[in-house]
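These notes are about the structure you will find just below.
The values are calculated or read from the model by the stated rules, or taken from the named source; none is laboratory data. A quick note: this is a predicted structure, and the numbers were derived from the prediction, not measured. Don't worry about glycine lacking a Cβ; one is built from the backbone with ideal geometry, like all the others, and counts go over all protein chains shown. Each accessible area value is taken on the protein alone, full model and side chains, heavy atoms only, with ligands, DNA and RNA left out. Shrake-Rupley method; radii C 1.70, N 1.55, O 1.52, S 1.80 Å.
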Amino acid sequence: DAKTTQPNSMESNEEEPVHLPCNHSTISGTDYIHWYRQLPSQGPEYVIHGLTSNVNNRMASLAIAEDRKSSTLILHRATLRDAAVYYCILRDSTTSGTYKYIFGTGTRLKVLA
Amino acid sequence: KAGVTQTPRYLIKTRGQQVTLSCSPISGHRSVSWYQQTPGQGLQFLFEYFSETQRNKGNFPGRFSGRQFSNSRSEMNVSTLELGDSALYLCASSFSVANTEAFFGQGTRLTVV
């Protein structure tokens, strides 16, 4: 079963910030929090990941709660190209670098022009 | 650098036939994992290969199998196709180091008629 819980859908206006929440109350100390997004007719695309501290990259920011039981993906200025399904996934870092991702249903983000 | 390449992009097969899908990972990546995506079940993990060895396997019947070659290219095979095997099959490659991400191909769309 998926170890994360996300809202099924969210809407945002173009050029406004978007905060996509994710709950992972059963996270272990060795789990990384990964975010991917899937645009229509494409494979999932890596967005960002983190362990304990907040992370920033050119695509987004990841805010991780102090107890690590939740995190928020932040798109600073949503564009129409950001319309996608966003997945929050836990990845166990102890298993020799294996990539057995367990995907949940994700959040479908709709961006309004 | 070149991304993950999956071939063919589209495939139509009839029930009872078998099919082989191919995945060429990003150069230097030794881990290849496979996923099945359907509207009803979402993204589900099939299996993962590293250095020609299967490291993880999802909950799929034995009709689903795979292998990895010495150049890290991977193939998955589905025998005795069923209508329910119609799906988008995605391959992901990675360096297999804990603090890194996976890169997905665009997938092979399999339709079983």
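Quickly run through the range B:68-113 and pick out the residues that are within 17 Å of B:Thr20 (Cβ to Cβ) and assigned to a helix (DSSP H, G or I).
Answer for the range B:68-113, where residues must be within 17 Å of B:Thr20 (Cβ to Cβ) and assigned to a helix (DSSP H, G or I): just B:Asp85.
Out of the range A:44-58, which residues are open to solvent by 10 Å² or more (accessible area, probe 1.4 Å) and part of a loop (DSSP other than H, G, I, E, B)?
In the first step, residues of the range A:44-58 are kept if they are open to solvent by 10 Å² or more (accessible area, probe 1.4 Å); the result is A:45-46, A:49, A:51-58.
Passing the criteria: A:Leu51, A:Thr52, A:Ser53, A:Asn54, A:Asn57, A:Arg58.
Name, by its number, the condition in (1) assigned to a strand (DSSP E or B); (2) at pLDDT below 90 that does not hold for B:Thr20.
(2)
Check the range B:80-102 and report whether any residue there is surrounded by 13 or more Cβ atoms within 10 Å (Cβ to Cβ), touching a residue at least 40 places away in the same chain (Cβ under 8 Å) and of a type in the set (Val, Ile, Thr).
No, there is no match, as no residue in the range B:80-102 is surrounded by 13 or more Cβ atoms within 10 Å (Cβ to Cβ), touching a residue at least 40 places away in the same chain (Cβ under 8 Å) and of a type in the set (Val, Ile, Thr).
Restricting the search to the range A:7-38, which residues are open to solvent by less than 40 Å² (accessible area, probe 1.4 Å) and within 14 Å of chain B (Cβ to nearest Cβ)?
Matches in the range A:7-38: A:Asp31, A:Tyr32, A:Ile33, A:His34, A:Trp35, A:Tyr36, A:Arg37, A:Gln38.
Scanning the range B:26-66 for residues that are in a loop (DSSP other than H, G, I, E, B) and within 14 Å of B:Val78 (Cβ to Cβ), which turns out least open to solvent (accessible area, probe 1.4 Å)? Talk me through it step by step, then tell me what you get.
Within the range B:26-66, the first condition is being in a loop (DSSP other than H, G, I, E, B), and the residues that meet it are B:26-30, B:39-41, B:51-52, B:58-63.
Checking which are within 14 Å of B:Val78 (Cβ to Cβ) leaves us with B:58, B:60-63.
Numbers: B:Gly58: 14, B:Phe60: 35, B:Pro61: 64, B:Gly62: 72, B:Arg63: 44 Å².
Among them, the one singled out is B:Gly58.
Can you run down the residue pairs with Cβ atoms below 7 Å, 6 or more apart or on separate chains, where the first is in the range B:39-54 and within 11 Å of chain A (Cβ to nearest Cβ) and the partner is open to solvent by less than 10 Å² (accessible area, probe 1.4 Å) and not in a strand (DSSP E or B)?
B:Phe45/A:Tyr101; B:Glu48/A:Tyr99
Go through (1) at the interface with chain A (Cβ under 10 Å from one of its Cβ atoms); (2) of a type outside the set (Ser, Thr, Tyr); (3) in contact (Cβ under 8 Å) with a residue 24 or more places away in the chain; (4) closer than 19 Å to A:Tyr46 by Cβ for B:Pro25 and report which single condition fails.
Unmet condition: (1).
Hey, does the range A:61-75 have a residue that's buried (at least 18 other Cβ atoms within 10 Å of the Cβ), of a type outside the set (A, V, I, L, M), assigned to a helix (DSSP H, G or I) and more than 13 Å from chain B (Cβ to nearest Cβ)?
no
Out of all the residues in the range B:77-113, which are over 11 Å from B:Arg9 (Cα atoms) and charged (D, E, K, R)?
Hits for the range B:77-113 are B:Glu82, B:Asp85, B:Glu101.
Only residues that are in contact with a strand residue (DSSP E or B) (Cβ under 6 Å, 6 or more places away or on another chain), open to solvent by less than 60 Å² (accessible area, probe 1.4 Å) and either over 16 Å from B:Ser86 (Cβ atoms) or of a type outside the set (D, E, K, R) (or both): list them for the range B:9-25, please.
B:Leu11, B:Val19, B:Leu21, B:Ser22, B:Cys23, B:Ser24, B:Pro25
Just one of A:Val55, A:Val85 is within 14 Å of chain B (Cβ to nearest Cβ) and over 21 Å from B:Tyr35 (Cβ atoms); which is it?
None of the other options fit; the residue is A:Val55.
Output the number of residues of the range B:55-65 satisfying the condition of being within 14 Å of chain A (Cβ to nearest Cβ) and either touching a Ser or Thr at 6+ places or on another chain (Cβ under 6 Å) or closer than 14 Å to B:Ala92 by Cα (or both). Write out each step before concluding.
So the first thing to find is which residues in the range B:55-65 are within 14 Å of chain A (Cβ to nearest Cβ), and the list is B:55-60.
Next, only the ones that are either touching a Ser or Thr at 6+ places or on another chain (Cβ under 6 Å) or closer than 14 Å to B:Ala92 by Cα (or both) stay: B:55-56.
The qualifying residues number 2.
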